[in-house]
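Before any comments, here is the structure.
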Amino acid sequence: MNIGINATVFRNPPAGVAKRLLALVNELKKHSDLSFTLFSPFRLKSSVLPGMRRIISPVPNELFWQKFILPFQLRSERITIFDSQWGGGLPIGIPFKPCKYLATFHDIIPLESPDSVSRYKQFVYKKKTQANITIADKIAVVSDYTKSRLWANFKIPLHKLVLSYNGIDDIYVQFEKRKKEEIKKKLAAQWGIHSFIFYVGGFNKRKNVESLIQAYNNLPKGAHAPVLMLAGVQNSYYRRYIRPLVKKSISRVICPGYIEENILPEYYNAASLLVYPSLYEGFGMPPTEAMACGCPVIAHNGSVMPETVGEGGLLVNTRDSGVLADAILEMLQNKKLALEKQDYADKIIKKYRWNVIAENYRKMYDELAGHEKY
């Protein structure tokens, strides 16, 4: 079976969708009857799925490539299924269909979080999304929440929709006690801290980091009180809105910037807890990664978090900084509660492993190809 992969997600350093695609294809490669070809309008780094066949067509306009070049390549390469790990990546607006199409939707943030984009961009996004949904033979969704929101906005036939969660990489594990203490000492020396409350992710309005900073400033002060660490790419939103709050904070806040994934498990293992105040997510990777590392989690009690985190974390209204401050204090002081949540977390994360996710995709591939194996 010849699987074509939309590789445009590798334009930037692997994060989010690109990380998912890397992990998923590496797991699916174990099926000897599957062959993969990467399609892209720009050159890919040699480190991206090395050894895998790639069809590169350098053109300045990605939409032109997607509409007028890609379909003919899919046909000439005799691709069975074209797999786009983001919902807007299918060839649309052409008079023929060279193969079966599979699209994965992670969220519909421009529609659910209207402050994130202009009205014009919302209009364009909805129109393009509708076109992709119409032409797709199968649509994978990373959560039941995303599935319900897609259906509510686009009335997609339910037989097209398949639930397939995001996976957690094998590096996200709980360290044994001795190693964990060594990591804590290393980070303590590096940042000059005793302990820390951790946030990792993006900076924008829906991430709601402002509420976390306010909640942190409401916590009791003391010599051994944990500092707040806000990790993530320091974009224009961070510089305009978050950095001024950090400078005004009455308690110490550390902003280390982007943390490489290979050392991120160290931070999860060393943190006193992860606070993820985001108001809207399609899945939300940091809370599940933290749970896999044995780090207590506090998250918002809306959008997808009751599904993906559930009883594995403490869910509260993170819009209310007072409520959030109380939750942080409760989780820091109530060790019994933290242990109870971790017991639930250990059970929940079993469904977020890449072998499980890859099996879901293999079933979709076989169904689309008309095979009866599954």
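Computed from the coordinates by the stated procedures, all read-outs in this text should not be read as laboratory data. Keep in mind it's a predicted model, so treat the numbers as computed, not measured. Cβ sites come from the backbone with ideal geometry, for glycine too, and all protein chains shown count toward neighbours.
With contacts taken as Cα pairs under 8 Å at a separation of at least 6 residues, the stretch 177-351 carries a relative contact order of 23 percent.
Fully extending the segment from Ser46 to Arg119 would add 22.4 nm, taking 0.36 nm per residue of separation and subtracting the current Cα-Cα distance. In the chain, the calculated helix contribution to ellipticity at 222 nm averages -11500 deg cm²/dmol per residue, counting -39,500 (n - 2.57) for every DSSP H run with n ≥ 4.
For the chain, give the magnitude of the charge dipole about the Cα centre (Cβ charges: +1 Lys/Arg, -1 Asp/Glu; no others), in debye to the nearest 20.
980 debye
Computed over the stretch 105-171, the convex hull of the alpha-carbon atoms projects to a mean area of 5.4 nm².
Determine which aspartates and glutamates satisfy two conditions relative to Lys248: a Cα distance under 18 Å, and not lying fewer than 8 residues away in the same chain. Straight-distance partners of Lys248: Glu210.
Which one, Ala325, Ala188, Ala271, has the greatest fluctuation when you compute a Gaussian network model over the chain with C-alpha springs under 10 angstrom? Its mean-square fluctuation being the largest, the pick is Ala188.
Which lysines, on any chain, are close to Lys127 with Cα under 29 Å apart, when same-chain ones fewer than 8 places away are left out? The reachable lysines, counting only those whose Cα sits under 29 Å from Lys127, are Lys19, Lys67, Lys97, Lys100, Lys138, Lys147, Lys155, Lys160, Lys205, Lys207.
Put simply, the C-alpha atoms of the stretch 256-318 give a gyration tensor, and the ellipsoid matching it has half-axes of 20, 12, 10 Å, longest first. Between Pro41, Pro244, Pro98, the Gaussian network model of the chain with springs among Cα atoms under 10 angstrom shows the greatest mean-square fluctuation at Pro244.
Rounded to two decimals, what is the ratio between the C-alpha radius of gyration of the stretch 144-191 and 2.2 N^0.38 Å?
Values: Rg = 20.7 Å, N = 48, 2.2 N^0.38 = 9.6 Å.
That works out to 2.17 for the stretch 144-191.
The value given for the chain is a Kirkwood hydrodynamic radius of 22.0 Å, derived from the mean inverse Cα-Cα separation. Potential lengthening of the chain between Asn26 and Glu307 amounts to 98.5 nm, from the contour at 0.36 nm per residue minus the alpha-carbon distance.
Rounded, prolate or oblate: pick one for the stretch 177-351, where a ≥ b ≥ c are the square roots of the eigenvalues of its C-alpha gyration tensor, a/c under 1.5 means rounded, and failing that, prolate if a/b is larger than b/c, else oblate. Cα axes put the stretch 177-351 in the rounded bin. Qualifying GluC sites (Glu not before Pro) in the stretch 240-294, where qualification requires a DSSP coil assignment and no more than 14 other C-beta atoms within 10 Å, comprise Glu260.
The stretch 311-374 and the stretch 227-293 have their alpha-carbon centroids 18 Å apart.
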